[in-house]
Amino acid sequence: MKIAMVGSGYVGLVSGACFADFGHDVVCIDKDQGKIDSLRAGVMPIYEPGLAELVAGNVKAGRLSFSTDLAASIEGAQAIFIAVGTPSRRGDGHADLSYVYAVAQEVAAELKTPAVVVTKSTVPVGTGDEVERIIRESGTGVKFAVVSNPEFLREGAAISDFKRPDRIVIGAEDDWARTVMNEVYRPLFLNKAPILFTSRRSSELIKYAANAFLATKITFINEMADLCEKVGGDVQDVARGIGLDGRIGSKFLHAGPGYGGSCFPKDTLALLKTAEDYNSPLRIVEAVAKVNDSRKRAMGRKVIEALAEAGAGEARGKRIALLGLTFKPNTDDMRDAPSIAIVQTLMDAGAEVVAYDPEGMELAAPLMPGVTMATNTYEAVKGADAVVLVTEWDAFRALDLDRVKQLAAQPILVDLRNIYDPVEAREKGFHYSSVGRP
Ligand code: UDX
């Protein structure tokens, strides 16, 4: 089956490479000539474990190619995926659909063979109707259908998430579209991935509802962590104790510095905008977005408090080492990373910040002018008055704490991901604080 993937960003590239790996004939399209050139040369525009190898293997096998020529690439494709960005619109927080609609217009103008147009980008409810209207009103005589097929993959685990999804959601309005989509996903049925057919609008809503619910879970446990700190509980025990209840589930209950990334912050905001437009307020999601936003700076204040509690005095003039800058491990993505607000808070208080991240420093540097980027973990720690663990990269999970203590100016460790055992860290002589643990 021939598949065209319009947009070679995170979702487009991973989905395209995985579809090719399953045996489909895939062409990934992008307007950015530089991106296409480097993909052809085997250089990935993003850091995602396993992606370069997957792309190389499928290019070699002749199943995957890259192009800037949309017209030629969609010819003969039974499925044309739209996987372009839907960033927050400047000013109002609605999803910016201009890229999606531009693709719809171009597809409409160039369509020569029957195709199902599939929206994989995260789009507000009703977008599929608009894409359909654009194609229909272009006057194309070619048979087409418009389908919603949201993508649930996580950065850093994108390939395995795509290949072994919890479910596949297809929002389609006619049988032909459902048949084509069955064909597209048939290779995944071997893994027993449940496929859920819904209306197009329900499918569009499922993506936002899923993200908002997960953001709610994280925010709930984060506030529980705050309460644990006040009353002397351990949030990890609380999370385990509630998570073992099958109705709640144990995932996404890790307390931390707040969620970031390319999806949760933007999608919760866009969902709230939709709710506002339809006069159907989502008050829980409103609270989640607000609480998460203020949490990021609060984590900076937590570091300042840790200095004071350890008797190191105020933050002014102190050297603070941040370990991890990306919003989560195994990505170089800095979008809405809590580290940005943490750095700002520390610098506002007059501290000097030095940081190290295994993959994120290049994208982080322009977002945090004034921060010194270290060449490795122990370089960052050298002379630090406090060491702050911001992202749980594997490389930070087994630090040589004796060496950290020896290199640092003061033994103050703030662990925002609860990686270390408080008893052990204190035994090693650290003033240790974490999130929601005694
Ligand atoms: C998310 C969704 O998981 C995915 O289904 C969707 O397609 C895109 O958005 P992603 O943003 O890549 O994926 O990362 P995810 O692993 O979900 O983490 C998001 C944020 O939540 C990170 O900042 C992470 O640190 C935080 N998080 C996650 C927690 O703080 N605690 C948790 O228990 C889980």
**Asked** Of the trypsin sites (Lys or Arg not before Pro) in the stretch 197-285, which ones lie in a loop per DSSP and count no more than 15 other C-beta atoms within 10 Å?
**Response** Arg247, Lys251
**Request:** Name the residue, out of Pro369, Pro45, Pro422, whose mean-square fluctuation peaks in a Gaussian network model built on the chain with Cα pairs under 10 Å.
**Result:** Pro369
**Message:** Taking a ≥ b ≥ c as the square roots of the Cα gyration tensor eigenvalues, with a/c under 1.5 meaning rounded and otherwise prolate when a/b beats b/c, else oblate, which class fits the stretch 2-198?
**Reply:** rounded
**Request:** Quote to one decimal, in nm, the extra length available between Gln33 and Arg301 on full extension: 0.36 nm per residue of separation minus the C-alpha distance between them.
**Result:** 92.1 nm
**Request:** Report the calculated FRET efficiency for Asn376 and Ile284 (r = Cβ-Cβ distance, R0 = 51 Å), to the nearest 0.05.
**Result:** 0.75
**Item:** Listed residues Ser121, Ser339, Ser88, most fluctuating in the chain (Gaussian network, C-alpha, under 10 Å)
**Value:** Ser88
**Asked** Rounded if a/c is under 1.5, else prolate if a/b is larger than b/c, else oblate: which is the stretch 41-96, with a ≥ b ≥ c the root eigenvalues of its Cα gyration tensor?
**Response** oblate
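Just flag the trypsin sites (Lys or Arg not before Pro) in the stretch 65-118 sitting in loop per DSSP whose Cβ has no more than 13 other Cβ atoms within 10 Å.
Qualifying residues, ordered by number: Arg90, Lys112.
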**Request:** Please list the non-local residues whose amide H lies under 5 Å from the amide H of Val169, H modeled 1.01 Å from N, same-chain partners needing a gap of 5 or more.
**Result:** Leu196
**At most 12 other Cβ within 10 Å, DSSP loop - trypsin sites (Lys or Arg not before Pro), the stretch 320-415** = Arg397
**Request:** Residues in the stretch 100-116, backbone N under 20 Å from the label point at Asp69 (7 Å along the Cα-to-beta-carbon vector): list them, ranges by number please.
**Result:** 103, 106-114
**Prompt:** Residue-wise, which Karplus ³J(HN,Hα) couplings in Hz belong to the stretch 202-216, taking 6.51 cos²θ - 1.76 cosθ + 1.60, θ = phi - 60°, and x for glycine or proline?
**Reply:** 4, 4, 4, 6, 4, 4, 5, 5, 4, 5, 5, 5, 5, 4, 5
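Just to be sure I understand: if I project the alpha-carbon convex hull of the chain onto a plane and average over all orientations, what area do I get in nm²?
21.9 nm²
Counting only helical runs of four or more DSSP H residues, what would the 222 nm mean residue ellipticity of the chain come to if each run contributes -39,500 (n - 2.57) and the total is spread over all its residues?
Using -39500 (n - 2.57) per qualifying helix, the result is -13500 deg cm²/dmol.
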**Fill in**
Taking 0.36 nm per residue of separation between Val142 and Ile195 and subtracting their Cα-Cα distance, the length gained on full extension comes to 16.3 nm
**Request:** Give Lys112/Lys143; Lys230/Lys328; Lys31/Lys112 a once-over and call out the pairs whose C-alpha atoms are over 18 Å from each other.
**Result:** Lys230/Lys328; Lys31/Lys112
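Test of understanding: what is the full-extension gain from Asp400 to Ala52, defined as 0.36 nm times their sequence separation minus their Cα-Cα distance?
122.1 nm
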**Prompt:** Where Lys and Arg each count +1 and Asp and Glu each count -1, what net charge lies around Val235 among other residues with Cβ under 11 Å from its Cβ?
**Reply:** -3
**Asked** For all pairs of alpha-carbon atoms in the stretch 199-438, what percent lies in each bin of width 10 Å, listed from the first bin to the last filled one?
**Response** 8, 31, 34, 19, 6, 1, 0
**Request:** Please order Lys428, Lys296 by the number of other Cβ within 10 Å, starting at the fewest.
**Result:** Lys428, Lys296
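Since every read-out is calculated from the coordinates, none of them should be taken as a lab result. What you are looking at is a predicted structure, and each value in this text was computed from that prediction instead of being measured. Reconstructed Cβ throughout: ideal geometry from the backbone, glycine too, with neighbour counts over all protein chains shown.
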